[in-house]
Amino acid sequence: MYDHSDIVNDLFESQFREWPLARDNYGQLDSVRVRKIPFPGYEIAVQFNPGRIVSSAAMVDAGSIKARPCFLCEDNRPPEQRGVPFGSDYIILINPFPIFRRHLTIVNRAHTPQQIEGNFLSMLSMAEALPDFVIFYNGPQCGASAPDHLHFQAGNRGFLPVEMDAGNPGLSSTVASSGGIELRLWSGYGRGMLTLAGSDSRALDNAFTRFYNKFAATQPERPEPMLNMLAYHSAGRWTIHIIPRRLHRPSCYFAAEPGRILLSPASVDMGGVFITPREEDYIKITAADISSILEEVCLSDGEVKSLTEGLL
Ligand SMILES: [Zn+2]
């Protein structure tokens, strides 16, 4: 897919001229507060971002979803929101409630359920066409606030700690390679994680499908196995970080005050930036809270290892 960078830069410029809400929300990112919390070998950033309450506290049960107009369908989008086509099936929109300085939502033209099966190659095309962005996918039970409408998001590169951490040999290492692609496993990163990398999109898709099928067998009651994914492309190679999940929201999300932490982890959090829409949570969250949230919602290193045995 050809490079869409110029088209997307133009989209941001014109939307900032024409859509005050978006311009203001991106402007407010300049004053967003961030704390860095150290862990052995890496850091987690905590971002206080009140605009994200809509997403973090979204009701995503089937009844609530059915009762609301879908905000990703063209008919219901804000009149100021314009999009540019990506291929024949997707529209690139700017996300009006940003976490990143450049934050996109890439929506399917059709109101069709959020699912990665059959759409993994689309994500790779997006990563190739938007080399300045990380493309990410939140499963329907892993942070997608529109589980009924297929979409990806994208944020500017250089923001998520996982990009830098991926270069740290103390955190991940290649455990198998075959047909020009490789499998990397992470350890001691607080969240069980695997990474596929390589230049052959078909081989990556095949490896992902094998992983998906094996993982799906362990969660037969789910619409799809629970996961978040982050993908980017540079120097002809894709890197895809896959974070399998066991739980949508951690117990602290449902706890009574004052113990409650309103944090609904998704790809950005898995990439190392925890989003707290409430100031009290931003102030009080500790390293121990972060560790226990990740432990609750993610798989262990050992579980990921056994799911990937014989993958390549
Ligand atoms: Zn829709």
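List of remarks:
- Pair list, Cβ < 6 Å and 6+ apart or interchain, from the stretch 239-253 residues that are closer than 13 Å to Gln219 by Cα to residues that are modelled with pLDDT of 95 or more and among the charged types (D, E, K, R): Leu247/Glu296
- Taken across the stretch 103-110, residues that are touching a residue at least 12 places away in the same chain (Cβ under 8 Å), within 11 Å of the ligand (Cβ to nearest atom), over 18 Å from the mean Cα position of the chain (by Cα) and surrounded by fewer than 19 Cβ atoms within 10 Å (Cβ to Cβ) do occur, with at least one present.
Matching residues to (1) more than 21 Å from Ala266 (Cβ to Cβ); (2) surrounded by fewer than 12 Cβ atoms within 10 Å (Cβ to Cβ); (3) out of contact with any helix residue (DSSP H, G or I) (no Cβ under 6 Å at 6 or more places or on another chain); (4) not polar (S, T, N, Q):
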site	(1), (2), (3), (4)
Arg23	yes, no, no, yes
Gly27	yes, yes, yes, yes
Ser31	yes, yes, yes, no
Gly41	yes, no, yes, yes
Ala62	no, yes, yes, yes
Pro79	yes, yes, yes, yes
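- Cβ-Cβ distances below 7 Å connect the following pairs, each with a first residue in the stretch 134-157 that is more than 12 Å from Leu72 (Cα to Cα) and among the charged types (D, E, K, R), a second residue that is more than 15 Å from the ligand (Cβ to nearest atom) and modelled with pLDDT of 95 or more, and a separation of six or more residues or different chains: Arg157/Asp132; Arg157/Phe133; Arg157/Val134; Arg157/Glu163; Arg157/Tyr232.
- Test: Ala288 is among the aliphatic types (A, V, I, L, M), within 22 Å of Arg184 (Cα to Cα) and without any contact (Cβ under 8 Å) to a residue 12 or more places away in the chain: no
- Flag for Ile44 being over 29 Å from Arg109 (Cα atoms) and away from the ligand (no atom under 16 Å from the Cβ): yes
- Pair list, Cβ under 7 Å, 6 or more apart: the stretch 1-18 residue over 21 Å from Gly236 (Cα atoms), other residue among the small types (Gly, Ala, Ser): Gln15/Ala22; Phe16/Ala22
- Residue within the stretch 127-140 that is within 15 Å of the ligand (Cβ to nearest atom) and of a type in the set (Asp, Glu) present: no
- Filtered residues of the stretch 56-96 (kept if under 27 Å from Asn9 (Cα atoms), assigned to a loop (DSSP other than H, G, I, E, B) and in contact (Cβ under 8 Å) with a residue 24 or more places away in the chain): Cys70, Phe71, Leu72, Cys73, Pro78, Glu80, Gln81, Arg82, Gly87, Asp89, Asn95, Pro96
- For the stretch 59-102, a residue qualifies if it is within 14 Å of the ligand (Cβ to nearest atom) and touching a Ser or Thr at 6+ places or on another chain (Cβ under 8 Å), and the qualifying residues are Val60, Leu72, Asp89, Tyr90, Leu93.
- Selection count where residues are under 20 Å from Leu160 (Cα atoms), assigned to a helix (DSSP H, G or I) and not small (Gly, Ala, Ser), scope the stretch 10-47: 5
Per-residue answers, yes or no, for (1) of a type in the set (Gly, Ala, Ser); (2) surrounded by fewer than 19 Cβ atoms within 10 Å (Cβ to Cβ):
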| site | (1), (2) |
| --- | --- |
| Ile116 | no, no |
| Met126 | no, no |
| Ser145 | yes, no |
| Gly170 | yes, yes |
| Ser173 | yes, yes |
| Leu194 | no, no |
| Asp200 | no, yes |
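- Checklist (1) of a type in the set (Asp, Glu); (2) more than 20 Å from the chain's Cα centre (by Cα); (3) under 25 Å from Ile135 (Cβ atoms) applied to Glu309, failing item: (3)
The values are calculated or read from the model by the stated rules, or taken from the named source; none is laboratory data. Everything quoted here is computed from the prediction, not taken from an experiment. As a convention, Cβ positions derive from the backbone with ideal geometry for all residues, glycine included, and neighbour counts pool all protein chains shown.
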